[in-house]
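Single-structure report; data block below.
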Amino acid sequence: MSEAPARHLSLAGASNFRDLGGYPARNGRIVRWRQIFRSNHLGHLTDEDIAVVRGLGVKSAFDFRGTEERQAALCLMNDVTVHSLPVEPTVVAALRAIVASGTQLSTDHAVEVMRGSYRNYVQDNTPRFRALFAHLLEDSAPLVVHCTAGKDRTGFACALILHTLGVSDDVIAEDYLLTNRYYRRDPNNGSELPDDVKNVLGTVRASFLGAAFEAIDADYGDLETYLRDGLGLGRPERASLEARYLQS
């Protein structure tokens, strides 16, 4: 039996570049390797990194960064088709508003603001994630899904992808939390914030992702209804995704 490909690809200019392949899915099938990748942004790739990503055959990137974030670090691969699906960042602005009100920031504020941002993915940005799945149903793989850190907007998107393919909640949580092992934080992000608050912002927690799924339950009743009504994934679409991204 051949050895499984590496899940994390060690790139100099992107610390959180990972493969969603190899996870057990529905009916004893497995998510195909080397089809769907997730990453932090691709604006700092070195020439060597570009050669690695090109060697993977990546032809599409789905970028959840907001407008200013994207302009600050454009994708360096001109042979990759970039689809902008902007989910504007809200966390640092929300924390600055708390400071402006005269309140001393705490890690509890940071956790609640992070959870609020995940709820917003569902309440305010579902059309962006619906657009991602419309592309996934086309022939755009191998592909990479990313935002700035590749942990929050990307983490939610990849959790949805894996759920759609029938991957278990426990495995989805494990994949989501791998960011804490691989992501190298940008020390300049929200640099005026207290260190303990920045530490919260630079990591992922199960309760962050949980907030998004709580919003799904509140707004749609359950995940299956969200996949169908929010993301446009009926039975034919689900079957098509499984045929494309699962192997026996």
Problem set entry | Accessible-area value, L241, 1.4 Å probe, nucleic acids and ligands omitted, Å² | 10 Å²
Problem set entry | Cα Rg, Dmax, the chain, angstrom units | 17.7, 61
For this session: As a check on your grasp of the helix formula, calculate [θ] at 222 nm for the chain: sum -39500 (n - 2.57) over DSSP H runs of n ≥ 4, divide by the residue count, round to the nearest 500.
Result: -14000 deg cm²/dmol
For this session: Go through 130-138, 65-73 and give me the packing order, highest mean Cβ count within 10 Å leading.
Result: 130-138, 65-73
Exercise. So how much slack lies between A51 and A100, counting 0.36 nm per residue of separation and subtracting their Cα-Cα distance, in nm?
Worked result: 13.1 nm
Seminar exercise, completed: Yeah, the range 63-204 with a ≥ b ≥ c from its alpha-carbon gyration tensor (a/c under 1.5 is rounded, else prolate when a/b outruns b/c, oblate otherwise) is prolate
Exercise. Is the range 19-104 rounded, prolate or oblate when judged by the Cα gyration tensor, a ≥ b ≥ c being the square roots of its eigenvalues, rounded requiring a/c under 1.5 and prolate requiring a/b larger than b/c?
Worked result: oblate
Exercise. Mind checking Rg over Rh on the range 107-152, alpha carbons, Kirkwood formula for Rh?
Worked result: 1.10
Problem set entry | Förster radius 25 Å - calculated FRET efficiency between N27 and A173 (Cβ-Cβ, nearest 0.05) | 0.75
Exercise. In a GNM of the chain with a 10 Å cut-off on Cα contacts, which of E214, E48, E192 has the highest mean-square fluctuation?
Worked result: E192
Problem set entry | Kirkwood-Stokes translational diffusion coefficient of the range 122-248, alpha-carbon pairs, 20 °C, 1.002 mPa s, µm²/s | 135 µm²/s
Seminar exercise, completed: In the chain the DSSP beta bridges are antiparallel at a rate, in percent to nearest 5, of 35 percent
Problem set entry | Pairwise centroid distance, computed over Cα atoms, of the range 98-159 with the range 15-46, Å | 18 Å
Seminar exercise, completed: In the range 1-125 the accessible area split gives carbon plus sulfur, as whole percent at 1.4 Å, a share of 50 percent
Problem set entry | Zone residues, the range 129-173, relative to R235, backbone N less than 18 Å from point 7 Å out along Cα-to-Cβ | 164-166
Exercise. Which of rounded, prolate, oblate describes the range 1-144, given a ≥ b ≥ c as roots of the alpha-carbon gyration tensor eigenvalues and a/c under 1.5 marking rounded, otherwise prolate only if a/b is larger than b/c?
Worked result: prolate
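The values are calculated or read from the model by the stated rules, or taken from the named source; none is laboratory data. Computed from a prediction, not measured in an experiment: that's the story for all the values here. Quick reminder, even Gly has a Cβ in these numbers, built from the backbone with ideal geometry, and neighbours come from all protein chains shown. Keep in mind that these areas ignore ligands, DNA and RNA; they rest on the heavy atoms of the full protein, side chains included. Shrake-Rupley method; radii C 1.70, N 1.55, O 1.52, S 1.80 Å.
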